[in-house]
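The values are calculated or read from the model by the stated rules, or taken from the named source; none is laboratory data. Just so we're clear, the structure is a prediction, and the values are computed from it rather than from any experiment. Cβ sites come from the backbone with ideal geometry, for glycine too, and all protein chains shown count toward neighbours. Areas reflect the complete protein model, heavy atoms only, side chains present, ligands, DNA and RNA absent. Shrake-Rupley method; radii C 1.70, N 1.55, O 1.52, S 1.80 Å.
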Amino acid sequence: NSVLVTTHILSEAEQLCNRIAIMDHGKIVASGSVGEIKSSFQKYEKYYLEVKNLSELDIQKITQIEGVANCSRLLQANGVLNIEIGLLKNSMAISDILQFILQNNGKILKCTMKETTFEDVFHSLFRN
């Protein structure tokens with residue numbers, strides 16, 4: 001049995017549906033389970049780090065580590081630097097990054113991975 005649901009509320013579609021089709025001007029631009037759609041459109045895994053004792057040169061060197069797509073400074077306050085790192089999908093570079101920071105006298109206060117949401121994927125489809 002199937003039920004057709006049309007909605008602009010992504011969380012509703014995510015909760016109610018086993019399979020989803022995303023349409024644009026009458027054409028299906030993506031279809032599958034939420035997990036399948038996320039996996040096929042997710043380009044990067046994003047990590048957020050809070051660190052101390054990290055220079056601009058160190059940030060530039062992080063971008064040169066294999067598997068790193070981008071590394072950017074978000075903000076700095078009280079000697080704590082917040083950076084966002086985008087890793088290529090299925091990259092194992094996070095361990096190399098953490099090791100680099102520690103070897104260069106940096107201190108890691110926090111490291112979290114941001115889960116890609118269905119809404120992130122949807123917006124990436126229609127960003128242009």
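Each row is one residue, and each column tells you yes or no for (1) at pLDDT 95 or above; (2) open to solvent by 50 Å² or more (accessible area, probe 1.4 Å); (3) part of a loop (DSSP other than H, G, I, E, B).
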residue: L75; (1), (2), (3): no, yes, no
residue: G86; (1), (2), (3): no, no, no
residue: N90; (1), (2), (3): no, yes, yes
residue: L102; (1), (2), (3): yes, yes, no
residue: T112; (1), (2), (3): yes, yes, no
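Conditions (1) in a loop (DSSP other than H, G, I, E, B); (2) over 17 Å from I94 (Cα atoms); (3) free of Cβ contacts under 8 Å to residues at least 24 places away in the same chain, marked per residue:
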site: V5; (1), (2), (3): yes, yes, yes
site: M23; (1), (2), (3): no, yes, yes
site: E36; (1), (2), (3): no, yes, yes
site: L54; (1), (2), (3): yes, no, no
site: Q60; (1), (2), (3): no, no, yes
site: E66; (1), (2), (3): yes, no, no
site: S72; (1), (2), (3): no, no, yes
site: N82; (1), (2), (3): no, no, no
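Matching residues to (1) in contact with a His (Cβ under 9 Å, 6 or more places away or on another chain); (2) aliphatic (A, V, I, L, M); (3) more than 19 Å from E115 (Cα to Cα):
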site	(1), (2), (3)
V5	no, yes, yes
E12	no, no, no
I22	no, yes, yes
E36	no, no, no
Y48	no, no, no
E56	no, no, yes
E66	no, no, yes
L75	no, yes, yes
